[in-house]
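Enquirer: Can you keep this structure in mind? I'll have questions shortly.
The values are calculated or read from the model by the stated rules, or taken from the named source; none is laboratory data. Quick caveat: nothing in here was measured; it's all calculated off a predicted structure. We place every Cβ from the backbone using ideal geometry, glycine too, and count neighbours over all the protein chains shown.
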Amino acid sequence: MTAAQFTFIFIATLAFTTLAKLWLARRHLAHIKANRDRVPDAFCEQIQLTDHQKAADYTSAKTRFSMLGIQFDAALLLVFTAGGGIELVSQFCRNQFSSQLLQGMATMVAVLLISSLLEAPFNLYRTFVIEARFGFNNMTWKLYLTDTLKGLLIGAILGLPLLFGVLWLMGRMGEYWWLYVWGVWVIFNLLILFIYPSFIAPLFNKFSPLQDEATRARIEALLSRCGFTASGLFVMDGSRRSAHGNAYFTGFGKTKRIVFFDTLLTRLSIDEVEAVLAHELGHFSHRHVMKRIVLTFLMSLGFLWVLGMLMQTSWFYQGLGVNPAAFESGGSGQAAIALLLFFMVMPVFSFLLSPLMSAYSRRHEFEADAYAAKKTNAADLVNALVKLYQDNAATLTPDPLYSRFYDSHPPAAVRIANLQSL
């Protein structure tokens, strides 16, 4: 393959995925609009028309804004690749550092920072305009800036040593470097799973032990029935940032924690809280978390193997706007550029895998619902889900095709009907 041919394939695929995403978004908007003025029959007794219309308007606003983001992301990717943006950044970094390893690290960090700065206005608008307009945002500017700085600091502390190690291995371990890098990546992710609940999450939120004795007794009885052990039951001050509610368990091994948003506990009854937690425990019982971790690790191994093949071709670099002759063959500088290019363009070529991944996730949700229906009353989970749909302004009428591509959870009507059958 020549560089020109690969450039054509890349641009054509990028155009296809961008147009497909925009088309799906338009379908989604049209379907929501067509069903805006009527509550679905399954929810007509619990959801008011005004709440249904709020969910339709909220989802439509987010979808329309996402369409702008889709176009911006495509344009930015073109500028970085075919437009020569990465090549320019790389040239600048080569002039600043004599070490190939430092050149590569500086290039990757610079591109990531530039991308983050350019995307910051989108995050700000989403938080302080759209979320605020519909009454969900509780974030202050001070808290937003604090979170951003903390995120950058944690990213630097954890990410820079990882990046250094990965690039060093890519430059030193020969033909099978990808196996060594994969091993480091697996260890790093498992480490994060262990330390996140106790050391990272508390930097952003306050976690207080669950105080309500009646709720605690019910939950501990459920945990006993399900054979689940946790290091604690905690309430998170999610209301500091958002009015959305949720519950989850986090961690790995002995660090597992069960966490409730404070907004969730104020809205649901004890029976409903128990049912929601039973659903989360269903994921544990069916080993969904472990299965997803294993799948992620296997996919990352495959991606690294593909990258190992592409690194040996000149058309991969030249087709994406980078001159490979400027780097030492097989050195850390070339490895950094290859790694950066690969993970920037990979989502373009893997877009059609989205429905498969979403279907896999929805299957897990059905299994967790079935588990919750065995351990608690299915009607309580139905009532809890209806309240969550209402409180989070989640649309009850997504476009079916759009949902197949993007939704990790089954559409509301399908999920409720399945639970009622149980």
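Enquirer: Mind telling me which of the residues ALA201, ALA214, ALA221, ALA156 ends up being among the small types (Gly, Ala, Ser), in contact (Cβ under 8 Å) with a residue 40 or more places away in the chain and surrounded by fewer than 13 Cβ atoms within 10 Å (Cβ to Cβ)?
Expert: ALA214
Enquirer: Out of the residues in region 121-149 meeting the condition of being part of a helix (DSSP H, G or I) and touching a Ser or Thr at 6+ places or on another chain (Cβ under 8 Å), tell me which one is surrounded by the most Cβ atoms within 10 Å (Cβ to Cβ).
Expert: Here the answer is GLU131.
Enquirer: Taking LEU152, is it of a type outside the set (Lys, Arg), assigned to a helix (DSSP H, G or I), in contact with a Leu (Cβ under 7 Å, 6 or more places away or on another chain) and at pLDDT 90 or above?
Expert: So LEU152 does not fit the description; no.
Enquirer: If you don't mind, another one. Are any of the residues in region 252-260 touching a Lys or Arg at 6+ places or on another chain (Cβ under 8 Å) and either surrounded by 17 or more Cβ atoms within 10 Å (Cβ to Cβ) or farther than 21 Å from THR140 by Cα (or both)?
Expert: The answer is no; no qualifying residue exists.
Enquirer: How many residues does region 293-316 contain that are small (Gly, Ala, Ser) and closer than 18 Å to ILE192 by Cβ?
Expert: Of the residues in that region, 1 qualify.
Enquirer: Sticking with this one: Consider only pairs whose beta carbons are under 6 Å apart and that are at least six residues apart or on different chains; among these, list those whose first residue lies in region 100-119 and is closer than 17 Å to LEU169 by Cα and whose second residue is surrounded by fewer than 14 Cβ atoms within 10 Å (Cβ to Cβ) and not hydroxyl-bearing (Ser, Thr, Tyr).
Expert: If the second residue must be surrounded by fewer than 14 Cβ atoms within 10 Å (Cβ to Cβ) and not hydroxyl-bearing (Ser, Thr, Tyr), the pairs left are GLN100/GLU328.
Enquirer: Moving to a separate point now. Quick check on region 319-334. Is at least one of its residues closer than 21 Å to ALA12 by Cα and either among the aromatic types (Phe, Trp, Tyr) or assigned to a helix (DSSP H, G or I) (or both)?
Expert: yes
Enquirer: Please tell me if ALA368 is out of contact with any Phe, Trp or Tyr (no Cβ under 6 Å at 6 or more places or on another chain) and under 20 Å from ASP57 (Cα atoms).
Expert: no
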